[in-house]
Amino acid sequence: MRTAVVVGAGVAGLAAAGALARTGWSVTLLEREDRLRAGRSAVVLWPNGVRALRALGLAGGLDGISTPVPPTGIRRPDGQWLVQPGAAELESPPVVVHGEDLHDAFIAGLGDQVDVRGGIAVQSARVTRDRPAVGDGRVMFEADLVVAADGADSVVRRRLAAGTTFASAGFAAWRAVIPWYRAPQLPEELPPHGETMGAGHRFTYASLGEQGHQGHTSRGGIAWTATVPGALRPEPPAGQLALLRRWFAGWHAPVGQLLAATEADDLLQEPVGELKPLPGTFGVPAGPGGYVLVGDAAHAMPHHLAQGACLALEDVATLQAVLVNGSLAAGLQEYDRRRRNRVQRVLLQTRKAGSVLQPRGRLAALSRVNPRTLDKAAAIATEWPGPTG
Ligand SMILES: Cc1cc2nc3c(=O)[nH]c(=O)nc-3n(C[C@H](O)[C@H](O)[C@H](O)COP(=O)(O)OP(=O)(O)OC[C@H]3O[C@@H](n4cnc5c(N)ncnc54)[C@H](O)[C@@H]3O)c2cc1C
């Protein structure tokens, strides 16, 4: 039986561990947190992400936990339109899913065959002609395949692609989900989701419905994301929340209401940036097997097009497809070939969207948005032929 060690239990790692286990691998999943848990956020899944979930056999219950988010347009802080809602050129609208619902789907997908080890913070990766292995300073975990799914700051990637670093884009982002029982009632004239930008600041929100409502997420609430110029804030969460309320004060409804209903514990602060340069390869042979980079460990990029988790799912669906037949080394080479152009394409569109959505300096003051640039970037980023393409 082929063996795999998966490092990191985020979207990429959970999906990879489940996919390998379901196709007959013996899998050990290492996570530095003591237990597996979902982030305090919601995830927008574009059609490419849904297609990847389907290829992984995990899209079964998606209808019950997701809410469609058709195009909303973009407003200015005073509520005036910057971009009127239009018909985006997508085969179907993206959907938004509560992070905990998605997490539950991944946990169910692990089955009972994955050996899950919490509290293991990987510190090293052995890069020799021997079998691949990672260690936490006490134990080495050896396998035919090591899957590096340990996020943007990946320890494993730093060992395999030392020249690649996570470079800040000059913004910090916050995400939160206000649980349905303390989410404000949105006025009827407001759409259930929206996007507003001004002077480099950006705020998006999406209603996840109420708990248990048919067609809505089982957990419900309202998810929002705020992006502001500057570095990560060192204040404790209560101080960060106070800053957010100040920065977005006076913005049109429901921005103020949502921030007022948010509690410090709901907040998740994250850096915004990209890997520079991309790793030279996403598949590194070692002995008869090798290492493979998936998700943010391979290609972290700003969230302007909300594609990071979707790309992670594409990675895993592709990995599953290339490992079906043939040698592991050939599979890793093929994985790199299929993912490289695709990732570069989405990165390019993300940069284009970023120059429009998060402009700096004089451009930020002008607050001009070319809707065609955004629609085109979203449409191109969403085009993915599937794991065998
Ligand atoms: C503000 C914002 C909004 C976003 N919105 C969307 C969206 O709507 N749609 C979308 O598709 N994408 C979105 N993204 C991107 C998406 O969140 C990421 O691309 C995705 O979560 C990456 O998943 P991952 O599993 O690769 O990494 P992570 O989620 O970072 O998971 C890495 C895991 O590895 C563990 N780990 C780290 N180091 C070690 C170690 N040394 N040893 C053991 N374990 C370790 C961590 O604890 C963690 O569990 C957004 C990103 C941001 C910042």
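Keeping the other protein chains in place, figure out the carbon and sulfur percent of the accessible area of the chain, with a 1.4 Å probe.
The nonpolar share, carbon plus sulfur, comes to 51 percent.
How large is the helix-only mean residue ellipticity at 222 nm for the chain, computed as the sum of -39500 (n - 2.57) over DSSP H runs with n ≥ 4, divided by its residue count, in deg cm²/dmol to the nearest 500?
-10000 deg cm²/dmol
For the chain, set up a Gaussian network in which alpha carbons nearer than 10 Å are linked by springs, and say which option among 80, 358, 307 fluctuates the most.
Comparing 80, 358, 307 in a Gaussian network model of the chain, the most mobile one is 80.
Dipole of the chain (Lys/Arg Cβ +1, Asp/Glu Cβ -1, origin at the Cα centre): which of 370, 306, 5 lies farthest to the positive side?
370
Leaving out ligands and nucleic acids, note down the accessible area per residue over the stretch 289-344 with a 1.4 angstrom probe, in whole Å².
Value returned for the stretch 289-344: 28 Å² of accessible area per residue.
Normalised by the residues of the stretch 85-227, what does the relative contact order come to in percent, with Cα pairs under 8 Å and at least six apart?
19 percent
Report the residues of the stretch 178-210 in range of a label on residue 252: point 7 Å along Cα→C-beta, backbone N strictly under 19 Å from it.
185-207
Taking all pairs of different Cα atoms in the stretch 199-293, averaging 1/r and flipping that mean, what Kirkwood radius in angstroms comes out?
Computed over Cα pairs of the stretch 199-293, the Kirkwood hydrodynamic radius comes out at 16.7 Å.
What accessible area per residue, rounded to a whole number of Å², is obtained for the stretch 186-274 using a probe radius of 1.4 Å?
The answer is 43 Å² per residue.
If the chain were replaced by its equivalent ellipsoid, with semi-axes equal to the square roots of 5 times the Cα gyration tensor eigenvalues, what would those be, largest first, whole Å?
In descending order, the three semi-axes are 35, 21, 20 Å.
Do any GluC sites (Glu not before Pro) in the stretch 1-89 lie in a DSSP loop with no more than 16 other beta carbon atoms within 10 Å, and if so, which?
33, 89
Based on Cα coordinates alone, diagonalise the gyration tensor for the stretch 238-388, multiply each eigenvalue by 5, take square roots, and list the semi-axes in whole Å, largest first.
Listed largest to smallest, the semi-axes of the stretch 238-388 are 37, 19, 13 Å.
Just the Kirkwood number for the stretch 68-176, please: inverse of mean 1/r across all distinct Cα pairs, in Å, one decimal.
Here the Kirkwood hydrodynamic radius works out to 18.9 Å.
Against the longest principal axis of the chain, how steep is helix 328-357, in degrees 0 to 90 to the nearest 10, with axes from Cα atoms?
20 degrees
Would you work out which of 95, 344, 62 lies farthest towards the positive end of the dipole of the chain? Charges go on Cβ: Lys and Arg +1, Asp and Glu -1.
Value: 344.
What trypsin sites (Lys or Arg not before Pro) does the stretch 1-89 have in DSSP loop regions with at most 12 other beta carbons within 10 Å?
35
In Å², and per residue, what accessible area does the stretch 1-61 have when probed at 1.4 Å with the other protein chains present?
It amounts to 38 Å² per residue over the stretch 1-61.
Tilt of helix 11-22 relative to the longest C-alpha principal axis of the chain, in degrees (0 to 90, nearest 10)?
Relative to the chain, helix 11-22 is tipped by roughly 40 degrees.
The values are calculated or read from the model by the stated rules, or taken from the named source; none is laboratory data. Remember, it's a predicted structure, so these values are computed and weren't measured experimentally. In this analysis, Cβ positions are derived from the backbone assuming ideal geometry, glycine residues included, and neighbour counts consider all displayed protein chains. Accessible surface is based on the protein model in full, side chains and every heavy atom, while ligands, DNA and RNA are left aside. Shrake-Rupley method; radii C 1.70, N 1.55, O 1.52, S 1.80 Å.
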